[in-house]
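Here is the structure we will look at, set down as structure tokens.
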Amino acid sequence: MKDKSQIRVVVGMSGGVDSSVSAYLLKQQGYDVVGVFMKNWDDKNDSGVCTVTEDYQDVAKVASQIGIPYYSVNFEKEYWDRVFTYFLDEYKDGRTPNPDIMCNKEVKFKAFLDYAMSIDADYIAMGHYAQLRRDEDGRVHLLRGADDNKDQTYFLSQLSQEQLQKVMFPIGHLQKSEVRRIAEEAGLATAKKKDSTGICFIGERNFSKFLGEFLPAQPGEMVTLDGEVKGNHFGLMNYTIGQRKGLGIGGDGKSNEPWFVIGKDLKTNTLLVGQGYHNEHLYANSLDASKLSFVDDISDRGDEFHCTAKFRYRQKDTGVTVKFNEDRTKVEVIFDEPVRAITPGQEVVFYDGEECLGSGTIDHAYKESKLLQYV
Amino acid sequence: MKYIYLDNAGTTPMATKVIEKMTETMTNTFGNASAVNYYGRQARAILDNSRHVIAESINAKNDNEIVFTSGGTESDNTAIIQTAMARKNEGRHLITTAIEHEAVLKPMAYLEQEGFEVTYLPVDEYGQINLDDLKQAIRSDTILVSIMMGNNEVGSHLPIKEIGEIVAPTNAWFHTDSVQTYGALDIDVQDLKVDLLSVSAHKLNGPKMLGFLYRRDGINFPSLIKGGDQELKRRAGTENVPAITGFAEAVSLLPAEVKEEHRQKYLSFKHQLVDGLKENGIDFEINGHLEENQLPQIISIWFKGFASDSLLTNLDLSGISAAAGSACTAGSLEPSHVLAAMYGEDSPRVAESLRFSFGINNTSEDIDYLIKTLVKIVKK
């Protein structure tokens, strides 16, 4: 094995505490560490200042503290072409996209990986809460992060073997609290920085307003399954299955229970609403998914196998049976028990114990084999 | 690791004699040059001597035409904004070029917001303006023509004397940003017929945050910075006398024959670099001319098919400091407005070029190492 000082690891540094500690730990371990900040979104304010300036300054501070060179790379075009257009297209189709998964697949672990290889990287490293196990033959397995509450394999589930073989997750074995503690003990400038929330390019902004800048809102009616009009919605894209907030319907109707989004009809531009958190139309028994990606070849599991799955980030696993179609481009996923608010456009991510096997994009949800009108 | 500095158009290391001179002044003379006391008089004497050295270096008619500022940016801002403010009743039209430094372009944009009109002269693929364009652009209400002497990104050397001849008979004042040329060329403000000229000290091995604005006698406007009456009311704020002595020292180190020697040396570096890249089969082109109407210390090269940021990072990780365009506040490279003006926004040159700029400490071995490293990166 090469001396660690001969192994160049290019760390994606966001200016947050997780990537800061990742870079710090690698440097402590003796690697040749280079920090790189990714600028993925052109977000100049009126005076022409990049609003990501503070994050970059934090990268600069931390990198100087650690003693590594740092650079910034611009992936605005890549992000726009490969992530944002997908994001808008999905909304246009009435679905709820997951841009962070696409960002990992196309930018952080592709464009960035290519860039890192162009500066002689042996590996890239990211501050994700996920772990890798490497077989002797070089194959890697993607494992959940040790911190149950922070595990980010959901967002990494579309990565390929080729991508992951070049990756390190230096904090995946740690609890978030330990990461903070390491940052504080090392005196890193980002030790107490607040975690970022939400989709990176939208940040703290009003989501509907942001989306409205790109997709014209098409208001329509909110209707019950019985055809009763309950009010107006301000564009289907602003609602997701199972959502309660923002409907503005009082608790009348059959019961006094609150109202939820229970479906969408894109053709008539209608939002379907129903009462009760546990409304029966919010529960599905199965789904089908496409755009499959598995970390490793899983043909040895046959055309049908049992495992667990998550249908959104931070959800508890559910036992599922996965059935491939003939050419293995799609799967039918049958749940051991009904699951609430399966959302087309989100990922169904498969796990075998601690191992993340891969994922697919949810196309349709079914209740007792009957299609639920979610799009 | 071996480190090589090839970003001298960005800034330069201070010359040893400059450091010695500044240290001596800091040690012995701390007075406020405006103070009416013993210490103030000492500082005043040194300040006057320094001003004289600098005035002579550009053949100014008198020393008071030199106004010390915080640097090239302040000099440019002062020349442009204060001319506009002083002459707004005579006219509201200014002329500049598309390839100026931000220190000129931003004040111009500011004036546009304030209701002034600005004509941006285009450039050809060699970074040169067409003098007929200039002649046609000048109007009776044109109050200022601001055209850089040498471009910081590609090194084009603009015909300031010819421009001066064109502007002199008109109503407009003529300002030139000489930040990249003052340390490299012999400048005679009378011969060039310039009214205003901006210079920065740190580009010629002097201290940072210091420069001057040459203001021809008769060109009058108040200080951009409001405050005390320093610099004959032309620039408020206590003069940094130690830095100014260092600046004068840096100027003294550059008599005409030394500048000529530097130019020859840098020109030979240029040829060495270009020949070396050719011999190794690197696919590249010079942005602009190699020699003709070019500053010898700056060379901009298009490495076909190689993104500037990746090249720059590769070089940096090999110990070579170069440059490419300007960086945004988040550190990533912005497309070069200079290359876009020369070749069009869609030209690959805008995103695939690097600038190398030579300085007093560079040797031909440095250039060999640069060639070797570039070849390694590009052929990987």
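Numbers below:
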{"quantity": "Test set (1) at negative phi; (2) within 11 Å of chain A (Cβ to nearest Cβ) - B:SER326 fails condition number", "calculated": "(2)"}
{"quantity": "Any chance B:LYS376 is charged (D, E, K, R), assigned to a loop (DSSP other than H, G, I, E, B) and within 13 Å of another protein chain (Cβ to nearest Cβ)", "calculated": "no"}
{"quantity": "Region B:184-226: number of residues that are crowded, with 20+ Cβ neighbours inside 10 Å and polar (S, T, N, Q)", "calculated": "4"}
{"quantity": "Within region B:202-236, tally of residues that are touching a residue at least 24 places away in the same chain (Cβ under 8 Å) and at positive phi", "calculated": "4"}
{"quantity": "Wholly enclosed helices (runs of 4 or more DSSP H) of region B:126-199 bearing at least 3 residues among the acidic types (Asp, Glu), touching a residue at least 12 places away in the same chain (Cβ under 8 Å) and in contact with a Lys or Arg (Cβ under 9 Å, 6 or more places away or on another chain)", "calculated": "none"}
{"quantity": "Exclusive hit being modelled with pLDDT of 95 or more and either within 30 Å of A:ASP226 (Cβ to Cβ) or crowded, with 18+ Cβ neighbours inside 10 Å (or both), set A:VAL375, A:VAL331", "calculated": "A:VAL331"}
{"quantity": "Neighbours by Cβ (under 6 Å, 6+ apart or cross-chain): first from region B:246-265, touching a residue at least 40 places away in the same chain (Cβ under 8 Å); second buried (at least 17 other Cβ atoms within 10 Å of the Cβ) and hydroxyl-bearing (Ser, Thr, Tyr)", "calculated": "B:ALA248/B:SER50; B:VAL251/B:SER57"}
{"quantity": "Scan of region A:327-357 for residues that are in contact with a Cys (Cβ under 9 Å, 6 or more places away or on another chain) and aliphatic (A, V, I, L, M), ordered by number", "calculated": "A:VAL349, A:LEU357"}
{"quantity": "Test result for B:ARG355, touching an Asp or Glu at 6+ places or on another chain (Cβ under 9 Å), closer than 25 Å to A:PHE112 by Cα, away from chain A (no Cβ under 14 Å) and not in a helix (DSSP H, G or I)", "calculated": "yes"}
{"quantity": "Segments classed as helices (runs of 4 or more DSSP H), wholly inside region B:26-88, with at least 1 members that are within 19 Å of the chain's Cα centre (by Cα) and among the hydroxyl-bearing types (Ser, Thr, Tyr)", "calculated": "B:38-57, B:72-77"}
{"quantity": "Exclusive hit being more than 14 Å from chain A (Cβ to nearest Cβ) and among the charged types (D, E, K, R), set B:ASP368, B:ASP346", "calculated": "B:ASP368"}
{"quantity": "Qualifying residue in region B:92-101 (condition: in a helix (DSSP H, G or I), assigned by TED's automatic domain parsing to the domain that holds B:LEU196 and over 17 Å from the mean Cα position of the chain (by Cα))", "calculated": "no"}
{"quantity": "Selection count, region B:149-171, where residues are exposed (fewer than 15 other Cβ atoms within 10 Å of the Cβ) and under 14 Å from B:ASP191 (Cα atoms)", "calculated": "4"}
{"quantity": "Complete set of residues in region A:347-369 that are surrounded by fewer than 24 Cβ atoms within 10 Å (Cβ to Cβ) and more than 17 Å from A:LYS105 (Cα to Cα)", "calculated": "A:TYR351, A:ASP352, A:GLY353, A:GLU354, A:GLU355, A:ASP363, A:HIS364, A:TYR366, A:LYS367, A:GLU368, A:SER369"}
{"quantity": "Within region A:30-48, tally of residues that are at pLDDT 80 or above and surrounded by 13 or more Cβ atoms within 10 Å (Cβ to Cβ)", "calculated": "11"}
{"quantity": "Close pairs (6 angstrom Cβ cut-off, 6 or more residues apart or separate chains): on the phi < 0 side of the Ramachandran plot in region B:108-124, modelled with pLDDT under 95 and surrounded by 13 or more Cβ atoms within 10 Å (Cβ to Cβ) anywhere", "calculated": "none"}
{"quantity": "In region A:87-145, residue nearest to the other protein chains (Cβ to nearest Cβ) [restricted to those that are of a type in the set (Asp, Glu) and out of contact with any strand residue (DSSP E or B) (no Cβ under 8 Å at 6 or more places or on another chain)]", "calculated": "A:ASP114"}
{"quantity": "Evaluation of B:ALA341 against (1) buried (at least 19 other Cβ atoms within 10 Å of the Cβ); (2) within 14 Å of chain A (Cβ to nearest Cβ); (3) within 23 Å of B:HIS157 (Cβ to Cβ) (one fails), failing number", "calculated": "(2)"}
{"quantity": "Conditions (1) in contact with a His (Cβ under 9 Å, 6 or more places away or on another chain); (2) surrounded by 20 or more Cβ atoms within 10 Å (Cβ to Cβ): number failed by B:ILE360", "calculated": "(2)"}
{"quantity": "Verdict on B:ILE219 being touching a strand residue (DSSP E or B) at 6+ places or on another chain (Cβ under 8 Å) and outside any helix (DSSP H, G or I)", "calculated": "yes"}
{"quantity": "Which listed residue is among the polar types (S, T, N, Q), crowded, with 19+ Cβ neighbours inside 10 Å and away from every other protein chain (no Cβ under 14 Å), from A:SER19, A:SER14, A:SER72", "calculated": "A:SER19"}
{"quantity": "Residue identified as over 18 Å from B:PHE269 (Cβ atoms), touching a residue at least 40 places away in the same chain (Cβ under 8 Å) and within 14 Å of chain A (Cβ to nearest Cβ) among B:SER332, B:SER336", "calculated": "B:SER336"}
{"quantity": "Residue within region A:222-239 that is touching a Leu at 6+ places or on another chain (Cβ under 6 Å), farther than 30 Å from A:THR270 by Cβ and not small (Gly, Ala, Ser) present", "calculated": "no"}
{"quantity": "Total residues in region A:349-375, condition outside any loop (DSSP other than H, G, I, E, B) and more than 15 Å from A:ILE241 (Cα to Cα)", "calculated": "12"}
{"quantity": "Residue that is surrounded by the fewest Cβ atoms within 10 Å (Cβ to Cβ), among those in region B:261-317 that are within 14 Å of chain A (Cβ to nearest Cβ) and part of a loop (DSSP other than H, G, I, E, B)", "calculated": "B:GLY305"}
{"quantity": "Condition met for A:TYR56 (within 30 Å of A:GLY212 (Cβ to Cβ), within 12 Å of chain B (Cβ to nearest Cβ) and touching a Ser or Thr at 6+ places or on another chain (Cβ under 8 Å))", "calculated": "yes"}
{"quantity": "Flag if B:ILE371 is touching a residue at least 40 places away in the same chain (Cβ under 8 Å), among the aliphatic types (A, V, I, L, M) and in contact with a Ser or Thr (Cβ under 8 Å, 6 or more places away or on another chain)", "calculated": "no"}
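The values are calculated or read from the model by the stated rules, or taken from the named source; none is laboratory data. Treat the numbers as computed from the prediction; the structure is a model and nothing was measured. Here Cβ is always computed from backbone atoms with ideal geometry, including for glycine, and neighbour counts include all displayed protein chains.
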